[in-house]
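As structure tokens, the structure follows; a few thoughts come after it.
The values are calculated or read from the model by the stated rules, or taken from the named source; none is laboratory data. Keep in mind the model is a prediction, meaning the values are calculated, not measured. Note that each Cβ is placed from the backbone with ideal geometry, even for glycine, and that neighbours are counted across all protein chains shown.
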Amino acid sequence: MKLSIKSHIFEKKLSVILDILIAMLWSVSPFGEAKVGIPYAIFNNVNMYVSFLTCFLANVLVFPIMTFFLDYLNKHLLRWNFYKRSAIKIARRVKTGAGSNIGKFGFWGIILFVMLPIPGTGVYAGSIASYLFRMPYKQAFLANTIGIFFSCVMVMAMTMATYHGIN
């Protein structure tokens, strides 16, 4: 009897840890970021504060990864035509979408662009925009982090409103 209770508790904890890891993977993914990670975690019964914190931190990790990619790997990959065409297409799209905000508002424009919880905005696009507009690293990191925070707050509020509406 005791063994089955301990086994059940272990399985439940393992399930929560797995859900947190999946939410974190969504949060670093360019297909969802924390906009998908937070709702995934909450709808899988992960504590809302744990969901917010882990997804936020995972999403913040994207900026240094993207900066490393853009600073070091991008230069070598531009030799291949397929990559070069794709990179130019993405750069044009980011400049078009973020250009007016960043051109006018700089630091605040990145925050506004990253914090919008809609497809096509977020830390991936914010990192690329910061790079294209040659924003200093510390300033770009801070702007992206603030934008991610407010985006996570909005997603959390909408998710909790929906979650409580369902239950």
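The table below gives the values:
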item	result
Residue within segment 69-87 that is among the polar types (S, T, N, Q), farther than 30 Å from Asn44 by Cβ and at pLDDT 90 or above present	no
Residue match in segment 141-159 (condition: over 26 Å from Ala41 (Cα atoms), assigned to a helix (DSSP H, G or I) and within 20 Å of the chain's Cα centre (by Cα))	no
Hits in segment 28-47 - residues which are part of a loop (DSSP other than H, G, I, E, B) and within 10 Å of the chain's Cα centre (by Cα)	Ser29, Pro30, Phe31, Gly32, Glu33
Neighbours by Cβ (under 6 Å, 6+ apart or cross-chain): first from segment 131-146, under 17 Å from Leu57 (Cα atoms); second at pLDDT 95 or above	Phe141/Phe63; Asn144/Phe63; Thr145/Val60
Unmet criterion (only one of (1) surrounded by 14 or more Cβ atoms within 10 Å (Cβ to Cβ); (2) within 21 Å of Ala41 (Cα to Cα)) for Pro119	(1)
Residue satisfying condition, being more than 27 Å from Ala23 (Cβ to Cβ) and surrounded by 13 or more Cβ atoms within 10 Å (Cβ to Cβ), within set Arg93, Arg134, Arg85, Arg79	Arg93
Residue within segment 127-138 that is charged (D, E, K, R) and either in contact with a strand residue (DSSP E or B) (Cβ under 6 Å, 6 or more places away or on another chain) or on the phi > 0 side of the Ramachandran plot (or both) present	yes
Unique residue being under 11 Å from the mean Cα position of the chain (by Cα) and modelled with pLDDT of 90 or more when the list is Leu21, Leu61, Leu53	Leu61
Ile20 in contact (Cβ under 8 Å) with a residue 40 or more places away in the chain, within 28 Å of Gly126 (Cα to Cα) and crowded, with 21+ Cβ neighbours inside 10 Å	no
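Residue-wise test of (1) within 14 Å of Cys55 (Cβ to Cβ); (2) of a type in the set (Ser, Thr, Tyr); (3) surrounded by fewer than 17 Cβ atoms within 10 Å (Cβ to Cβ).
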{"position": "Ala125", "(1), (2), (3)": "no, no, no"}
{"position": "Ser130", "(1), (2), (3)": "no, yes, no"}
{"position": "Gln139", "(1), (2), (3)": "no, no, yes"}
{"position": "Leu142", "(1), (2), (3)": "no, no, yes"}
{"position": "Cys152", "(1), (2), (3)": "yes, no, no"}
